[in-house]
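The structure under discussion appears below in the form of structure tokens.
The values are calculated or read from the model by the stated rules, or taken from the named source; none is laboratory data. Remember, it's a predicted structure, so these values are computed and weren't measured experimentally. Neighbour counts are summed over all protein chains in view; Cβ atoms, including those assigned to glycine, are modelled from backbone coordinates with ideal geometry. Each accessible area value is taken on the protein alone, full model and side chains, heavy atoms only, with ligands, DNA and RNA left out. Shrake-Rupley method; radii C 1.70, N 1.55, O 1.52, S 1.80 Å.
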Amino acid sequence: MIKRTGLYILIFLMLLASGCKQKTPEDNTEKSREKTTEIRGALLNGAGESVLLEEMGAREYIPVDTVECDDSGTFYISYLQNKVAFYVLRYGSSGYYTLLLEPGESVDFTGQLEDMDSYSINGSPGSSLLQTLAAEHKRTLEALGVITRKNMEYLSSPDYPALKQRLDLQFDSITSAFQSYSIRFIHENLTSPAILIALYNLYGQGFPVFHPETDFPVYHFVDSVLMANHSELEAVHLLHAQVAEARQIMESNHQANWLKKGEIAPDFVSSRPDGSQMALSNLRGNFVLLGFWASWSNLCREENAALVKTMERFGEMNFKILQVSVDDNKRDWIGAIDEDGLDWDHVSDLKRWETPVVDLYGVEKIPFNVIIDPAGKIVETDLYGEQLLSKLDHLLNN
């Protein structure tokens, strides 16, 4: 089993927003990056109410400011911020809103003291994303609540087994739909830390939307995206450590071979030569040759010549090549692409064998090829030269 201590620290901090210890803010050593973030707010019927803003650290809440609403329920908070972060805006005895703020944002907020679901926020794209996700999550929990109540009502019915089976199907349909929604949310918002909340959402205590054992590719995908975009966040480093630990445990349990024919190829995100990002799933709908290589490998350079022939033969069909380099020198990597005439998609983290996708695919040697069908399923691995051409000819011309 996977140890979940670090995972659930994050879950309860980000989703429950209660019961954390606090600490005094530390001196900021990056003054040059600080910008003034402002929150102008109004709480209906909130005259005289205290409003507390806290930064959500990975392990604790950090008080930022406490203000009091005026007679009209309005308040104003201004503070210096040097990096994107999650915050909790608390009011009343137990009300709170979760925000995702960028340095320098000017936020307009309106809410109701007695109805925390009715609020609006402008000027903070990250907070708006959280609001959208939270609304869909709430609708899902309400639908699951209806099923739970019906289950209790049916307990004494002689037809309970059949009724329960029908409720179970409805339950599975609702949870599956929300999981699909969450995956879309993640892929549509790759550069936002809001995808952490989508990853860690719960249907109930101990019932996560994504489980690190059964949904490891989702965890790895979010980890790779956030490490590329927000490695400065402690919560991202905790996720990265969680993913690494999960992988080690699965390897020790002989579960590391994800490359089984017929299963979905693990998705990932990495950087193109121009610095933009690309996901394997961007090529969904095509047959894809996923190839691992390096500029410094003579065998890879020889295989590249075969891949050029492959593209010449099948390039007009629904066929794409995506090569993942295990180089650590960008100039060498791009130079080899140009020299070998590799006119297709390329990505690399430039971390040599420390590239996360290398571990995800269990790559132990290069070159290493994986054929993926239009549905994203693994067709074959470890084919080269004429064998590769023959297999692709069979797939694309039959």
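A few points about this structure:
- At q = 0.20 Å⁻¹, base-10 log of I(q)/I(0) for region 110-253 (Debye sum, equal scatterers on each alpha carbon): -1.21
- Between helix 298-314 and the chain: long-axis angle, C-alpha atoms, 0 to 90°, nearest 10: 90 degrees
- Computed over protein heavy atoms with a 1.4 Å probe, the carbon and sulfur contribution to the accessible area of region 244-398 reaches 44%.
- Highest mobility in the GNM of the chain, judged by mean-square fluctuation with C-alpha springs under 10 Å and restricted to S325, S182, S281, is found for S281.
- Estimated from helices alone, the mean residue ellipticity of the chain at 222 nm is -12500 deg cm²/dmol (sum of -39500 (n - 2.57) over DSSP H runs with n ≥ 4, per residue).
- The slack between K377 and H187, meaning 0.36 nm per residue of separation minus the straight C-alpha distance, is 66.6 nm.
- Principal-axis tilt of helix 216-229 within the chain, Cα atoms, nearest 10 degrees: 80 degrees
- Here is the tail figure for the chain: Cα pairs spaced more than 42 Å apart come to 26 percent of all pairs.
- Residue among I337, Y384, P374 farthest towards the positive dipole end of region 316-398, charges placed on Cβ: P374
- Going by accessible surface with a 1.4 Å probe and the largest first, E136, E364 read E364, E136.
- Cα pair distances exceeding 19 angstrom across region 185-253, given as percent: 31 percent
- Ligands, DNA and RNA are left out, and with a 1.4 angstrom probe the accessible area of the chain is 49 Å² per residue.
- Cα-based helix-to-principal-axis angle, 330-340 vs the chain, degrees rounded to 10: 40 degrees
- Pairs of Cα atoms nearer than 8 Å and 6+ residues apart set the relative contact order; for region 180-285 it is 19 percent.
- Across K351/K377; K260/K351; K330/K377; K83/K351; K260/K365, pairs whose alpha-carbon gap is larger than 23 Å: K351/K377; K260/K351; K330/K377; K83/K351
- Residue among A194, A85, A375 with the largest mean-square fluctuation in a Gaussian network model of the chain, springs linking Cα atoms under 10 Å: A375
- Using C-alpha pairs under 8 Å with a sequence gap of at least 6, the mean separation divided by the residue count of the chain gives a relative contact order of 11 percent.
- For the residues V146, V209, V222, a GNM of the chain with alpha-carbon springs under 10 Å puts the largest fluctuation on V146.
- Just the protein heavy atoms count here, and of the accessible area of region 29-136 at 1.4 Å, carbon and sulfur take up 45 percent.
- Contact order for region 278-398, expressed relative to its length and based on alpha carbon pairs under 8 Å spaced 6+ residues apart, stands at 35 percent.
- Its alpha carbons considered, region 241-343 gives a radius of gyration followed by a Dmax of 15.8, 43 Å.
- Calculated FRET efficiency, N298 to R59, Cβ-Cβ distance, R0 = 51 Å: about 0.60 to the nearest 0.05.
- Within the shell of other residues whose beta carbon sits under 10 angstrom from the beta carbon of I77, the net charge comes to -1, with Lys and Arg scored +1 and Asp and Glu -1.
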